[in-house]
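One structure below.
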Amino acid sequence: MRGRDNTSGPDNTSAAEKEQRPGINQEKGSDGVKGSRRLGSALVLGGGMAGLLAAAALIEYVDTITLVERDRLPDGPEVRKGVPQGRHLHGLQSSGVQTIDTLLPGTQESLFAAGAHRIYMPTHALFYGPHGWMRQYPGEHFTLGVSRPLAEHIVRRALLGHAHVRILEGAEATGLIGDARRVSGAQIRHRGTGERENVDADLVIDATGRGSKAPQWLTELGLPEVPTTVVDAGLAYASRVIRPPDEATGRRFPLIALQSDPRSGGPARVGGLMFIEDGTWMVTLAGTKGVHPPLDEEGFLRYAQALRHPLIGELISQSTPVSRISGFQSTANHRRHYDKLRTRPTGFLVFGDAATTFNPLYGQGVTAAALSAVALREEFARGPLDEEGYGRAQEAIIRATDIAWAMASNEDLRYPGTEGPAPSARRKLLQRCSDRLRITAACDPVASQALFKALTLTTPPREVFNARTLRALLRGPRHPAQYDLPPEHTGLPAPTVCPPRPSTAAEGGSAAPAPTTDPTYTDETHEGRTPMLESETEKKAVVAVLERLVAAWSEQDARALADVFTADATMIAFGYLRKGREEIATRMGEAFQGPYKGSRAVGDVVDVRLLGDSAAVAVVRGAVLAAGETEVTAENAIRSTWALVKQDAEWRVAAYHNSPVKEDMPV
């Protein structure tokens, strides 16, 4: 075997070093364990982040660790063919950074020395969600501003600092050696020469990622098919590295996330921008089925400008491209349930994306792999892995990814056209809890802290939803939604706006509307508005009232819904007239127990007009989706008119009327 290491042979450890390493000179037993807890050799298939972290978990418990990697590895932090997602934005969360540092001490400082930096959330980040900009409360959790190639380079260098770890480059596994009871090695093919060899090992870990062949290999050994769950929203990425107009601007915007609204019933369009090493920004645009971001220069900019807020588009237009635009479409959530196999061989574990793959949009893959690595190390610390121990270790690896899997799959199941199991009652409850947490977190420091504990995988959900958090959620947002940028982030130079052009079939349908700075913009979507305009402030306050009503409907909270109305309001819904706030509350409460049980309201604001200082009219196009419905259709679409008045500095609905959507007047 030929590979990269810090030795002149497979194990160049000196006799003195071997005497200092506990158990290394003990005789090897029939189960491959040296002494009470050590293994003689391990093969880790895959040299990406998951493989590196799996190997790091074995350092104290295996005498010789060999990683098998398809690529020839670069000497520095470069994108490589085997990691196409390396060209896109990555989220390495604080819990992941700290966990990696426990596996490979000093890694965190090495990352900072190489140019990575902490971005505390939401303190230093700008998040634009369904309810406007999240307030930048002080936060203790962070994401790391760093590219995937640099993070992988630093971790690989730290791992190879251990003399008994080596990487076999330009090679791949083509199968396993053994039988249904025990795996004793792997079949290796050297890609450059085509040479094949069988390599024995006491432990084989598959960390080959999304393309893992482990299910096929196990079937060839006589084992049953591995149960699998797939949730695929059809997300596609387009990313590039850009250089800000100056370093001050780059540091002024270390992280921006423009999120979609899964309650809208439409496809998702999102954008993210992060300040990484070398004074550059990594920008990623993404969309689900039908709204994939283009890969050409003009289309990429236009897509960014047509997101729910134009900030990322404005920053792109002022920046200099550093890399080409790269696409990526392999984004399905994919879970192989190795933990559910009734029979499984000893000597074999599946790790990282080879076991559980997440939609990269949520930025939790590397952090989940780090948590799995710690779980694996803890199993080795308990004692030698016998038949029961291997089962326990595989379950621990997968269990460490449960929270990330639940978050990613639950969110993706909300978008139209997503392939996957029908949402269960439990999933729907989790989605509603998630909605309430996000709504409240935008304007409440307690809920904000809880949200980022969950997103960074720092705290299990049962601890996130403690008594303090639940009180905050019951109380709701402390302040109205904020659609204007914080003052310190305004005052950008005017962006470059591309002229409209027809869409192409490759872009999946109609072109996104070109952004506009006209405060009377009234396209059939609220997306594309420019909340930075001061003239729009009151309009945004009006929209916030409508969003409060939508949220109350989704919560099936009749009292909260009625509180949006004036005391003497009128409500005409589907031909039924209700007069006054109390009657609205009573009748809607009855409806939520009857025909509207489990339903939710969705919609886009088509127009908002101010009629003086204390009156406004809004037009909305949307629908009331019954339980189980996910899309706005020609049959359920409605238009509604809202008359609002400002009372005691607060907007309320004075009159509401809806009707079915009709496109043309009968002739």
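Listed conditions (1) open to solvent by 20 Å² or more (accessible area, probe 1.4 Å); (2) more than 16 Å from the chain's Cα centre (by Cα); (3) closer than 29 Å to Thr343 by Cβ; (4) touching a residue at least 12 places away in the same chain (Cβ under 8 Å) are all met by Ile397, apart from (1).
When each of Leu610, Leu577, Leu644, Leu561 is tested for being touching a helix residue (DSSP H, G or I) at 6+ places or on another chain (Cβ under 9 Å) and within 19 Å of Ser659 (Cβ to Cβ), the lone residue that passes is Leu644.
Does the stretch 373-424 hold any residues that are farther than 30 Å from Gln98 by Cα and touching a Leu at 6+ places or on another chain (Cβ under 7 Å), and which are they? Result: Gly420, Pro423.
Based on what the data block shows, is Ser448 within 27 Å of Leu349 (Cβ to Cβ), open to solvent by less than 50 Å² (accessible area, probe 1.4 Å) and touching a residue at least 60 places away in the same chain (Cβ under 8 Å)? No.
Condition check ((1) among the basic types (Lys, Arg); (2) modelled with pLDDT of 95 or more; (3) assigned to a strand (DSSP E or B); (4) buried (at least 20 other Cβ atoms within 10 Å of the Cβ)) across all residues:
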position: Asp75; (1), (2), (3), (4): no, no, no, no
position: Val79; (1), (2), (3), (4): no, no, no, no
position: Ser95; (1), (2), (3), (4): no, no, no, yes
position: Ala163; (1), (2), (3), (4): no, yes, no, no
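Scanning the stretch 344-360 for residues that are open to solvent by 10 Å² or more (accessible area, probe 1.4 Å), at negative phi and of a type outside the set (S, T, N, Q) yields a total of 5. Among the candidates Ala151, Ala113, the residue that is crowded, with 24+ Cβ neighbours inside 10 Å and either under 22 Å from the mean Cα position of the chain (by Cα) or free of Cβ contacts under 8 Å to residues at least 60 places away in the same chain (or both) is uniquely Ala151.
Test Ala233 against the criterion of being among the hydrophobic types (A, V, I, L, M, F, W, C), open to solvent by less than 60 Å² (accessible area, probe 1.4 Å) and over 30 Å from Asp296 (Cβ atoms), and give yes or no. The answer is no for Ala233. Screening Thr633, Thr641 for residues that are in a loop (DSSP other than H, G, I, E, B), polar (S, T, N, Q) and at negative phi leaves exactly one candidate, Thr633. Look at Thr143 and say whether it is under 30 Å from Gly40 (Cβ atoms), within 21 Å of the chain's Cα centre (by Cα) and in contact (Cβ under 8 Å) with a residue 12 or more places away in the chain. When the stated conditions are applied, Thr143 does not pass them. When Ala552, Ala616, Ala627 are checked against the criterion of being under 20 Å from His131 (Cβ atoms) and without any contact (Cβ under 8 Å) to a residue 40 or more places away in the chain, a single residue qualifies: Ala552. Per this entry, Leu341 is not counted among residues that are in contact with a Pro (Cβ under 8 Å, 6 or more places away or on another chain), open to solvent by less than 10 Å² (accessible area, probe 1.4 Å) and farther than 25 Å from Tyr415 by Cβ.
When we screen Leu43, Leu39, Leu53, Leu89 for residues that are out of contact with any helix residue (DSSP H, G or I) (no Cβ under 6 Å at 6 or more places or on another chain) and either farther than 29 Å from Ala381 by Cβ or not in a strand (DSSP E or B) (or both), the only hit is Leu89. Taken over the stretch 400-429, the criterion of being open to solvent by 40 Å² or more (accessible area, probe 1.4 Å), more than 22 Å from Thr288 (Cα to Cα) and of a type in the set (A, V, I, L, M) is satisfied by Ile403, Ala425, Leu429.
Once the stretch 257-271 is narrowed to residues that are assigned to a helix (DSSP H, G or I) and touching a strand residue (DSSP E or B) at 6+ places or on another chain (Cβ under 6 Å), the residue that is farthest from Arg414 (Cα to Cα) is Ser264. Of the residues making up the stretch 245-259, none is touching a Ser or Thr at 6+ places or on another chain (Cβ under 9 Å), of a type in the set (A, V, I, L, M) and over 20 Å from Thr143 (Cβ atoms).
Residues in the stretch 578-613 that are in a loop (DSSP other than H, G, I, E, B) and open to solvent by 60 Å² or more (accessible area, probe 1.4 Å) were compared, and the one that is modelled with the lowest pLDDT is Asp613. Per the listing Pro267, Pro262, Pro244, the residue uniquely touching a helix residue (DSSP H, G or I) at 6+ places or on another chain (Cβ under 9 Å), modelled with pLDDT under 95 and either over 19 Å from His90 (Cα atoms) or open to solvent by 10 Å² or more (accessible area, probe 1.4 Å) (or both) is Pro262. Is it true that some residue in the stretch 273-281 is open to solvent by 20 Å² or more (accessible area, probe 1.4 Å), in contact with a Gly (Cβ under 7 Å, 6 or more places away or on another chain) and free of Cβ contacts under 8 Å to residues at least 60 places away in the same chain? Taking every residue of the stretch 273-281 in turn, at least one turns out to be open to solvent by 20 Å² or more (accessible area, probe 1.4 Å), in contact with a Gly (Cβ under 7 Å, 6 or more places away or on another chain) and free of Cβ contacts under 8 Å to residues at least 60 places away in the same chain. For the stretch 192-205, the criterion of being open to solvent by less than 50 Å² (accessible area, probe 1.4 Å), within 27 Å of Ser326 (Cβ to Cβ), in contact (Cβ under 8 Å) with a residue 12 or more places away in the chain and among the hydrophobic types (A, V, I, L, M, F, W, C) is met by no residue.
The values are calculated or read from the model by the stated rules, or taken from the named source; none is laboratory data. These numbers come from a predicted model, not from an experiment. Note that we place each Cβ from the backbone using ideal geometry, even for glycine, and neighbour counts take in every protein chain shown. SASA here: full protein model, heavy atoms, side chains in, ligands and nucleic acids out. Shrake-Rupley method; radii C 1.70, N 1.55, O 1.52, S 1.80 Å.
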